[in-house]
1. Quick one: ranking 79, 100 by accessible area, 1.4 Å probe, largest first, what do you get?
2. Considering only protein heavy atoms and a probe of 1.4 Å, how much of the accessible area of the chain is carbon and sulfur, as a whole percent?
3. Which of 66, 17, 91 ends up with the largest GNM mean-square fluctuation for the chain, with Cα atoms connected below 10 Å?
4. Taking only Cα atoms and a 10 Å spring cutoff, compute GNM fluctuations for the chain and point out the largest among 53, 80, 35.
5. Which three extents, in angstrom, do the Cα atoms of the chain have along their principal axes, listed largest first?
6. By a straight-distance test (C-alpha under 21 Å), which lysines pair with residue 76 as possible cross-link partners, with residues fewer than eight away in the same chain excluded?
7. Excluding same-chain residues fewer than 8 positions from residue 127, which lysines have a Cα within less than 27 Å of its Cα?
8. Hey, what's the Kirkwood Rh for region 35-95 if you take every pair of different alpha carbons, in angstrom?
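The values are calculated or read from the model by the stated rules, or taken from the named source; none is laboratory data. Keep in mind that what you see is a predicted model, and the values were worked out from it rather than measured. Keep in mind that these areas ignore ligands, DNA and RNA; they rest on the heavy atoms of the full protein, side chains included. Shrake-Rupley method; radii C 1.70, N 1.55, O 1.52, S 1.80 Å.
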Amino acid sequence: MHPSNSPAGPKQPERLLLFDGVCSLCHAAVQFFLRHDRNESICFASLQSDYARRLLANYGLDAASLNSVVYLEGKKLYTRSDAVLRAGKQLGGGWRALCTIGLAIPRFIRNPLYEWIARHRYRWFGKREQCRLPSPEQRSRFLG
């Protein structure tokens, strides 16, 4: 499930969560995913990384202007509440069921709530000067 390195650089993993590397809330969310993704199926990259910038440019997106996590599953890209809930479906326990139910709630309800939290995340949860380095066990799941 983890990307392999090739002469052209790392291969894009099947499931990739791009997050704001300086956001404390995003950091906590990544730690949550690391704890609950029992199959280790999701890889991660900071939106501030060169890897994320190049990857998102292929989708016509500018990483610097995004105010959302991004989840890629195969070649399909999801943002905002879709990104969180689709990534959450990969987790163990009741998280899969909870996220499936969450996806049944219409976007016009979910996304304004997501955007409201995103707008206030630095004020409420704080901002980091840099991304935390993953542990040696987690390093293979982080790109960029």
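1. Working: 79 40, 100 65 Å².
Ranking 79, 100 by accessible area, largest first, yields 100, 79.
2. About 56 percent, which is the carbon plus sulfur part of the accessible surface.
3. In this elastic network of the chain, the residue with the biggest mean-square fluctuation among 66, 17, 91 is 66.
4. Of the options given, 35 has the highest mean-square fluctuation.
5. 44, 32, 30
6. 11, 89
7. none
8. Details: mean 1/r = 0.0807 Å⁻¹.
When all Cα pairs of region 35-95 are included, the Kirkwood radius is 12.4 Å.
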